[in-house]
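**Student:** This structure is in structure tokens; I'll ask about it shortly.
FYI, it's all coordinate maths here, none of it is from the lab. Not measured: the values here are computed from a predicted model. Using ideal geometry, Cβ is built from the backbone for each residue, glycine included, and neighbour counts are taken over all protein chains shown.
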């Protein structure tokens, strides 16, 4: 057999003078890159640049470099496309990857800027004045009825009965990431952080481990095409239920959890045999049209006696607006839109990188469509897909999202280095793995604290942004595209986003 | 003219209301606004008077501003199609040394042609009047709601949106708006408002921060009998406007104040929320003040916030809102603009500054500063007909 033609992506550099041969790097590497043969020796071909070794070397004697090996420069045949062909020529398989789309498509968030107040409307100082981020997830009626009553505190009372609403203290929730794709400590940390921050985590399609039961009031449970872990108890242990149709990283295809990651715990939680690949089908086999979806929505509502919101998650695709409108009319309480930069534990690279549309466009199109039809109040709109900071969050809300969900950012908060190898199950950081020796590296307490801190930091920044905009409630930013301006966008893009160009 | 960017502004506002519907001359409101001269800069002033057309009190009175005869011709053609015009005449004015570039000012006393309302089918909850196709044909749309007032609202929005150079200053019954570019005291003299008698007057002096100098941009802003004078800037204008579009209100004037008039019309007239409750939606209490208030009021305020969050008026404002049955004074929930109230006998006074109240009522029984976000509502006493 000839040696592989695939060149190493990274080079592991070791300073053998500084190295004390403590072998900590060998222990830390989840990918088996390092070995001890008289001194530390690296198999460069296995390195994914997860930086675990470099972070934990007490001497700073190890670091990772991009392999400078040069293909002859070619603007069309990039090193990535050449290497992909080598891989497929050698394996004949579908190339897999983890995390979100990393291609250099236009990032519309980076072409939008926010407004601020000067003189005529004063900015508001969030350090001195109340600043409100509270958001309610759930379907709202178009209007309310009140009745006249004689009480000591007021003469009017609410006559309309609202459908179930979930109170969020910040408009940021955690995105769906399954137990199986990520470790139990990671799942627990997300649930605890959501609980401590007054927001929600989302189980993803992997079921709900019993250790998360205490956090039920902060959990969205997912019902995906594989129905993993779905039973009455699962539905009862949730604040809200989400039917997952699509995922931003892999629109139109199902879930992929390699058997390597299906250990005893995962197998029990998912209700599948240990060691088997958990492949959820591309479509739900009971949903082939919108009326089928409506049936499932109401089946879940019936099963939970109309006590919790039931929503639908779709990938942002070309006709997301029409689909979202159908979902709203099918009885959903929320629509969860996942843009093409949304992450994944495993997806075919070709799908991740080439299918779907930017979340910015999808939010704008869906919000517009629901307003044109006069049904915007009927659903809460959750947006997700690669939000990097509170600026992205604010812009998404201004475009029309009620709530944003963060997945990748939450993983990064727990230590993820975006090496994109989640599907291998070798995550050296103990996040996207089920190998016991790796899982135990993630301290759920510490991870919880880091997640709480992240939410707190972003929420404080959101308050600063609201204050600068001269408003003291997040609902005054929501859908207020007047407070956005576009830079470097063409007329059509501006029109779709519903924003004016900067300077106007 | 209608395509100017939004114009932020500072201002003076004032309202005088008699609960017995006793009519008094517009001279009072003129004196009250005059003492607040420094709060405006000569780029806008205006007044709304209620009860001023008793002989036509059942007619929708349209005050129109035209930039030229072509606009007038087109508008009158449009009006004739939809309304019976009981009377049509220029709005009386007197030449004034400090008022120039006057548009054609005309008023019409109108009744809706009955069959127009029957065939009116503006779809509830959709933005029928805002679709571009609608503009081209200027025809009735199709839909379900048949309220005569909905029909009038749609015609007003159509004229403002689609007829070039025509602008409806007011469209209510037995009320009218007199406004233009200039200091308010000059505008009042120009319109001879001392010659009218009404039971409710509101006034406005404007300090815009740029200079479009167009008459339609002056306050009050109106729809039907709602009129709003406003000091401040609605920082939530962007979402308030988009929210209103869902219900067929198209904001044509690019001025934040416009949304306030439409929101009162939507929340009170169309959704049936009592005024007190509508104000609770527009300037809601903070969550921290609602949490722990499990009573009926807390529940109502919380639900209003959830359902009407897009109607929340955020940013600095104090407003005086007039309508046939009375007057409302309201400020934003952290009171970034002033509003003072006074009472004497059957009169209720509202103004940016106390001096304006004392100018017309030197010894009020009571004077108080309005609390942030808490409405002051003056209503005609029971049984009193305007």
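**Student:** What length, rounded to one decimal in nm, is gained on full extension from residue A:107 through to residue A:500, with 0.36 nm per residue of separation minus their alpha-carbon distance?
**Tutor:** This chain segment gains 139.7 nm when fully extended.
**Student:** Hey, with R₀ at 60 Å, roughly what FRET efficiency would residue A:456 and residue B:363 work out to, going by the Cβ-Cβ distance, to 0.05?
**Tutor:** Efficiency computed from Cβ-Cβ geometry: 0.60.
**Student:** What is the Cα convex hull volume of the range A:359-504 when expressed per residue in Å³?
**Tutor:** Once divided by residue count, the hull of the range A:359-504 is 146 Å³.
**Student:** Oh, and also: P(r) of the range B:272-324 in 5 Å steps, Cα pairs, percent per bin?
**Tutor:** Whole-percent P(r) values from 0 Å outward: 4, 18, 29, 24, 16, 7, 2, 0.
**Student:** Could you pull the Rg and Dmax for the range A:112-250, using just the Cα atoms, both in Å?
**Tutor:** Cα radius of gyration and Dmax of the range A:112-250 are 19.9, 57 Å respectively.
**Student:** Under 16 Å from a point placed 7 Å out from the Cα of residue B:371 along the Cα-to-Cβ direction: which residues of the range B:337-356 have their backbone N that close?
**Tutor:** Residues B:339-341 fall inside that zone.
**Student:** Could you calculate, for the protein assembly as shown, the ratio of the Cα radius of gyration to the Kirkwood radius, expressed as Rg to Rh?
**Tutor:** 1.06
**Student:** Please report, for the Cα atoms of the range A:230-303, the Rg to one decimal and the Dmax as a whole number; what are they, in angstrom?
**Tutor:** 14.0, 37
**Student:** So the label point goes 7 Å from the Cα of residue A:142 along Cα→C-beta, right? Which residues of the range B:278-320 then have their backbone N under 17 Å from it?
**Tutor:** What the label zone holds, given the 17 Å backbone N cut-off, is B:307-311.
**Student:** In addition: How many nm is it between the label spots at residue A:232 and residue A:36, if each spot is 7 Å from the Cα in line with the beta carbon?
**Tutor:** 5.7
**Student:** Here's a follow-up. Evaluated at 10 °C with a viscosity of 1.306 mPa s, what Stokes-Einstein diffusion coefficient in µm²/s does chain B have when Rh comes from the Kirkwood expression over alpha-carbon pairs?
**Tutor:** Answer from the Stokes-Einstein relation: 76 µm²/s.
**Student:** From the Cα gyration tensor of the range B:301-386, with a ≥ b ≥ c the square roots of its eigenvalues, which class applies: rounded if a/c is under 1.5, or else prolate if a/b is larger than b/c, or else oblate?
**Tutor:** It is oblate, given that a/c is not under 1.5 and a/b is not larger than b/c.
**Student:** Here's another thing I want to ask about it. Provide the descending list of Cα extents for the range B:159-238 along its principal axes, expressed in whole angstroms.
**Tutor:** 37, 26, 25
**Student:** Using helices alone, I'd like the mean residue ellipticity at 222 nm for chain B: each DSSP H run of four-plus residues gives -39500 (n - 2.57), total over residue count, nearest 500.
**Tutor:** One gets -7500 deg cm²/dmol as the mean residue ellipticity at 222 nm.
**Student:** Which value, in Å³ per residue, describes the convex hull spanned by the Cα atoms of chain A?
**Tutor:** 194
**Student:** Between residue B:91 and residue A:74, what FRET efficiency comes out of the Förster formula 1/(1 + (r/R0)^6) with R0 = 45 Å and r the beta carbon distance, rounded to 0.05?
**Tutor:** Computed FRET efficiency for residue A:74 and residue B:91 comes out at 0.05.
**Student:** Something else about it: For Cα pairs less than 8 Å apart in space and 6+ apart in sequence, what is the mean separation divided by the residue count of the range A:74-215, i.e. the relative contact order in percent?
**Tutor:** Relative contact order, the range A:74-215: 16 percent.
**Student:** Put a dot 7 Å past each Cα toward the Cβ at residue A:18 and residue A:443; how far apart are the dots in nm?
**Tutor:** The two pseudo-label positions are separated by 2.5 nm.
**Student:** While we're looking at this one, here's another question. If you bin every alpha carbon distance in the range A:37-170 into 10 Å steps from zero, what whole percent lands in each bin?
**Tutor:** 7, 15, 18, 18, 15, 14, 8, 5, 1
**Student:** Here's another thing I want to ask about it. Report the gain in length on full extension from residue A:118 to residue A:45: 0.36 nm times residue separation, minus Cα-Cα distance, nm rounded to one decimal.
**Tutor:** Gain on extension, residue A:118 to residue A:45, equals 20.7 nm.
**Student:** Please work out whether the range A:55-132 counts as rounded, prolate or oblate from its C-alpha gyration tensor, where a ≥ b ≥ c are the square roots of the eigenvalues and a/c under 1.5 means rounded, while otherwise a/b larger than b/c means prolate and anything else oblate?
**Tutor:** Prolate, since a/c reaches 1.5 and a/b exceeds b/c.
**Student:** What's the extension gain from residue A:329 to residue A:289 if we count 0.36 nm per residue and subtract their Cα-Cα distance?
**Tutor:** The residue A:329-residue A:289 span can extend by a further 13.1 nm.
**Student:** Quickly estimate the mean residue ellipticity at 222 nm for chain A, helices only: each DSSP H run with n ≥ 4 gives -39500 (n - 2.57), and the total goes over all residues, rounded to 500.
**Tutor:** Helix contribution divided over all residues of chain A: -8500 deg cm²/dmol.
**Student:** Which whole-number percent gives the relative contact order of chain A, counting Cα pairs below 8 Å spaced six or more residues apart?
**Tutor:** 19
**Student:** May I pose another question? FRET efficiency for residue B:355 and residue A:169, Cβ-Cβ distance as r, R0 = 45 Å, nearest 0.05?
**Tutor:** That gives a FRET efficiency of 0.50.
**Student:** Please report the Cα spread of the range A:129-169 along all three principal axes, rounded to whole Å, starting with the longest.
**Tutor:** On the principal axes, the range A:129-169 reaches 32, 29, 14 Å in Cα extent.
**Student:** So, one more: Gaussian network model of chain B, Cα springs within a sub-10 Å range: biggest mean-square fluctuation belongs to which of B:370, B:112, B:102?
**Tutor:** Comparing B:370, B:112, B:102 in the GNM, the peak value goes to B:102.
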